[in-house]
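Report on the following structure.
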Amino acid sequence: MGTIAEEMFSQKLGREVHAGEMVLADVDFIMSHDSTTPLAIEAWKEIGKPLLDPDRIIIHFDHFYPSPNINCSILHQRTMEFVKKQGIKNFYREGVCHQVMVEKGFVFPGGIVIGGDSHTCTYGALSCFGTGMGSTDLAVSYVTGKNWFMVPHTLRFEIHGKFPQEVYAKDLILYLVGKVGAGGANYKACEFGGSAVHAMSISERLTLANMAVEMGGKAGLMETDKKTLSFLKNRTSRPLKIIRPQNPRYEDIIGVDLGSLQPLVAVPHQVDQVKPVEEVEGTEIDEFFLGTCTNGRLDDLKIAVKILAGKKIHDMSRMVVNPASNEIYTQAERQRILQIFRDAGAIVCNPGCGACVGRHQGILAPGEKALTTMNRNFLGRMGSPEAQIYLASPATVAVSAIYGKITDPRKILSTFSPLP
């Protein structure tokens, strides 16, 4: 029938649909977090109709949990009252919403999930149409179970080859965002495919899909394969469909040879301002932040501790680590990964969004610089609007933390320590 996006909506609606068509489709789940749920509740009250199905609503506390101030506590309080009164069972305080959604089985091939967060596009890594919407749109789906969608045109990224040493999925998505531009994929589906994508882990795929929105993408999509099915086998009771492009027509196809990539850094204050790490090497950094829905998974933590084991972070810098979920935190604790971070001098915080949204656990002061694995480096994102944020892979962040300045991870390959 067409691209992955067209296949998804065609299967959902039971008829053939094409890019550019407006459709009214059933929504499988409606997700929001502690920043966006209060607004959705207010919009729902204005609509004045009962919830269609409370079991389709998933609420997370992650953006400022535990609460850092009274105002945040009031928002938590209001949301808790809603959860109790409406009998919402899917209420979580276990880490970053997108990671928990994946772990708990709310994301599955052929599903449609809307979220009160722009990085809901992460779910496309598992062949699920995930997309961010405003809180009013969420409230409409609260009472109808449906929403309007324009089936997006598709920009295809055909990726082949193998990553060079110390080049990772984060470097790839930074390269793509830099190439396409912050608005180059506006309201398009970003479809990632090719032999290299099939070789990637689910963790790496989630990193790619997560940042599709940074080039304006409505969704970041990948076809279903054996890794998708294996990952989801014991996480969801939903039938596992196979979603693949069938005779697709793409708006454009961009080819990438991984072998030509190098470690990259997005410099302040836009994600598409991407430079080779060697061009900004030596920039002194105050805070190093490892985590978020982009790079807070176990694989990302392992990349960092491979470098940090037996070493110390620079004595004039600080490093904050937020595993993306309780599940990841527990695995990392059992494997002594978190101990390696602590021994190196890093601060390991509870699973959640942490410093990424500038609410707590690492807010920047005026004039400070941060090197992070998050997905955005916008002005004021992590605190002061006079601070600067650089984005990079877990490897670049970890290596740089040792020296207190941006450092090319390829330069110290011989000093890496194996995991115990």
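Of all the listed residues (E16, E46, E21), the sole one being in contact with a strand residue (DSSP E or B) (Cβ under 8 Å, 6 or more places away or on another chain) and acidic (D, E) is E21.
A quick yes/no check of all residues on (1) under 26 Å from M374 (Cβ atoms); (2) touching a His at 6+ places or on another chain (Cβ under 8 Å); (3) not assigned by TED's automatic domain parsing to the domain that holds A355; (4) not hydroxyl-bearing (S, T, Y):
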{"position": "K84", "(1), (2), (3), (4)": "no, no, yes, yes"}
{"position": "Q99", "(1), (2), (3), (4)": "yes, no, yes, yes"}
{"position": "V102", "(1), (2), (3), (4)": "yes, no, yes, yes"}
{"position": "F106", "(1), (2), (3), (4)": "yes, no, yes, yes"}
{"position": "V113", "(1), (2), (3), (4)": "yes, no, yes, yes"}
{"position": "L138", "(1), (2), (3), (4)": "yes, no, yes, yes"}
{"position": "S141", "(1), (2), (3), (4)": "no, no, yes, no"}
{"position": "F163", "(1), (2), (3), (4)": "yes, no, yes, yes"}
{"position": "D171", "(1), (2), (3), (4)": "yes, no, yes, yes"}
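Restricted to segment 285-385, the set of helices (runs of 4 or more DSSP H) holding at least 2 residues that are farther than 22 Å from P409 by Cα and touching a residue at least 12 places away in the same chain (Cβ under 8 Å) comprises 326-334.
The numbered conditions (1) surrounded by fewer than 21 Cβ atoms within 10 Å (Cβ to Cβ); (2) closer than 23 Å to D62 by Cα; (3) at pLDDT 95 or above are all true for G380 except (3). Residues that are under 25 Å from the mean Cα position of the chain (by Cα) and either among the β-branched types (V, I, T) or more than 25 Å from C190 (Cβ to Cβ) (or both) are absent from segment 17-25 altogether.
Looking only at residues in segment 170-187 that are crowded, with 24+ Cβ neighbours inside 10 Å and in contact (Cβ under 8 Å) with a residue 60 or more places away in the chain, the one that is nearest to E327 (Cα to Cα) is K170. Taken over segment 196-249, the criterion of being β-branched (V, I, T) and touching a residue at least 60 places away in the same chain (Cβ under 8 Å) is satisfied by I202, T207, V213, T224, T228, T236, I242, I243. Considering only residues in segment 386-401 that are out of contact with any helix residue (DSSP H, G or I) (no Cβ under 9 Å at 6 or more places or on another chain) and in contact (Cβ under 8 Å) with a residue 40 or more places away in the chain, the one that is farthest from D299 (Cα to Cα) turns out to be Q388. A single member of G216, G296, G220 is of a type outside the set (S, T, N, Q) and at positive phi, and it is G216.
Exactly one residue out of G124, G115 is touching a strand residue (DSSP E or B) at 6+ places or on another chain (Cβ under 6 Å), crowded, with 24+ Cβ neighbours inside 10 Å, of a type in the set (G, A, S) and under 22 Å from I254 (Cβ atoms), and it is G124. Specify the residue that is farthest from the chain's Cα centre (by Cα); the eligible residues are those in segment 28-40 that are surrounded by 22 or more Cβ atoms within 10 Å (Cβ to Cβ) and of a type outside the set (S, T, Y). Step by step, filter segment 28-40, then rank; the result is A40. If the condition is being farther than 16 Å from I285 by Cα, among the hydrophobic types (A, V, I, L, M, F, W, C) and under 20 Å from the mean Cα position of the chain (by Cα), then segment 311-355 contributes A324, I328, A332, V348, C349, C353. Do we find a residue being touching a helix residue (DSSP H, G or I) at 6+ places or on another chain (Cβ under 9 Å), closer than 19 Å to D171 by Cα and not hydroxyl-bearing (S, T, Y) anywhere in segment 306-326? Yes; the residues of segment 306-326 include at least one that is touching a helix residue (DSSP H, G or I) at 6+ places or on another chain (Cβ under 9 Å), closer than 19 Å to D171 by Cα and not hydroxyl-bearing (S, T, Y).
Residues that are surrounded by 24 or more Cβ atoms within 10 Å (Cβ to Cβ) and either over 30 Å from R334 (Cα atoms) or modelled with pLDDT under 95 (or both) within segment 272-304 comprise V277, I285, listed in sequence order. When only residues in segment 231-271 that are farther than 15 Å from L174 by Cβ and aliphatic (A, V, I, L, M) count, which is surrounded by the most Cβ atoms within 10 Å (Cβ to Cβ)? So the residue we want is I243. Those helices (runs of 4 or more DSSP H) of segment 128-222 in which at least 2 residues are at pLDDT 95 or above and out of contact with any Leu (no Cβ under 9 Å at 6 or more places or on another chain), considering only elements entirely within it, cover 135-144, 169-180, 195-199.
If you check A309 against the conditions, is it farther than 30 Å from S195 by Cβ and assigned by TED's automatic domain parsing to the domain that holds I328? Taking the combined requirement at face value, the residue satisfies it.
State yes or no: is I307 of a type in the set (A, V, I, L, M), crowded, with 19+ Cβ neighbours inside 10 Å and over 28 Å from Y92 (Cα atoms)? Considered against the rule, which asks whether it is of a type in the set (A, V, I, L, M), crowded, with 19+ Cβ neighbours inside 10 Å and over 28 Å from Y92 (Cα atoms), I307 comes out as yes.
Within segment 67-86, is even one residue in contact with a Gly (Cβ under 9 Å, 6 or more places away or on another chain), without any contact (Cβ under 8 Å) to a residue 24 or more places away in the chain and surrounded by fewer than 18 Cβ atoms within 10 Å (Cβ to Cβ)? So far as segment 67-86 goes, no, none of its residues is in contact with a Gly (Cβ under 9 Å, 6 or more places away or on another chain), without any contact (Cβ under 8 Å) to a residue 24 or more places away in the chain and surrounded by fewer than 18 Cβ atoms within 10 Å (Cβ to Cβ). So is S10 part of a helix (DSSP H, G or I), of a type in the set (S, T, Y) and farther than 30 Å from Q361 by Cα or not? Criteria met by S10. If you go through segment 323-355, how many residues are surrounded by 23 or more Cβ atoms within 10 Å (Cβ to Cβ) and not aliphatic (A, V, I, L, M)? Qualifying residue count for the region: 8.
The values are calculated or read from the model by the stated rules, or taken from the named source; none is laboratory data. It should be emphasised that the depicted structure is a prediction, and the values quoted were computed from it without experimental measurement. With ideal geometry, Cβ positions are generated from the backbone for all residues, glycine too; neighbour counts draw on all protein chains shown.
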